[in-house]
Amino acid sequence: MDKLITLDHVSKHFHVGKGRTLVAVNDISLDIYKGETLGVVGESGCGKSTLGRVVMGIYPATKGKILYNGKEVNM
């Protein structure tokens, strides 16, 4: 099967002022293959929506690589 999306050590941090940083998503790695469906489950505030926004390109990743069909999309 072909990989559709690859996340390689993706993190998203927000600077919240006064030298403080909020770590919303930390070191996520996964592969989604064509024809697969991924469900992300967790408590409120754990970073599910932030992860989705990073994958869609709404938020830039702080660290890591996101590949779509083998091509990096978060440059």
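Read-outs: derived from the displayed coordinates by stated rules, not from any lab. This one's a predicted model, so the numbers in the text were calculated from it and none came from an experiment. Every residue, glycine among them, receives a Cβ derived from its backbone with ideal geometry; neighbour counts consider all protein chains shown.
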Practice task
Among Lys18, Lys65, Lys48, determine the one that fluctuates most according to a GNM of the chain built with springs between C-alpha atoms less than 10 Å apart.
Solution key: Lys18
Completion exercise
Hits in the range 13-28: amide N under 17 Å from the 7 Å Cα→Cβ extension of Glu43, namely 23-26
Practice task
Could you calculate the contour length gain from Met56 to Leu4, that is, 0.36 nm times the residue separation minus the distance between their Cα atoms, to one decimal place in nm?
Solution key: 17.4 nm
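If you add up the charges near Met1, with Lys and Arg at +1 and Asp and Glu at -1, over every other residue whose beta carbon is less than 13 angstrom from its beta carbon, what do you get?
Working: positive: Lys3, Lys34; negative: Asp2, Asp31, Glu36.
Charge balance near Met1 sits at -1.
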Problem - Residues whose placed amide H lies under 5 Å from that of Asn74, excluding near-sequence neighbours - result: Ile66
Problem - ³J(HN,Hα) computed for each position of the range 37-52 - Karplus, 6.51 cos²θ - 1.76 cosθ + 1.60, integer Hz, glycine/proline x - result: 10, 10, x, 10, 10, x, 5, 4, x, 8, x, 4, 5, 4, 4, x
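Compute for the chain: radius of gyration divided by Kirkwood radius, i.e. Rg/Rh, restricted to C-alpha atoms, rounded to two decimals.
Details: Rg = 13.0 Å, Rh = 13.0 Å.
Radius of gyration over Kirkwood radius for the chain works out to 1.00.
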Practice task
Could you pull out every residue, at least 5 positions away or on a different chain, whose amide H is within less than 5 Å of the one on Thr62? Hs are placed 1.01 Å off N in the peptide plane, and Pro or chain starts have none.
Solution key: Ser11, Lys12, His13
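Remind me, relative contact order of the chain in percent, using alpha carbon pairs under 8 angstrom and six or more residues apart? Spell out each step's value before the answer.
Values: 131 pairs, mean separation 30.3, N = 75.
Relative CO of the chain lands at 40 percent.
Express in nm, to one decimal, how much length is gained between Asp31 and Lys65 on full extension, taking 0.36 nm for each residue of separation and deducting their alpha carbon distance. Please report the intermediate quantities before stating the final value.
On the way: separation 34, 0.36 × 34 = 12.24 nm, distance 1.18 nm.
This chain segment gains 11.1 nm when fully extended.
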Practice task
Counting other beta carbons within 10 Å of each Cβ, put Asp27, Asp2, Asp8 in order, fewest first.
Solution key: Asp2, Asp27, Asp8
Handout entry: Exceeding the 23 Å Cα-Cα cut-off - candidates Lys12/Lys71; Lys18/Lys65; Lys12/Lys34
Key = Lys18/Lys65; Lys12/Lys34
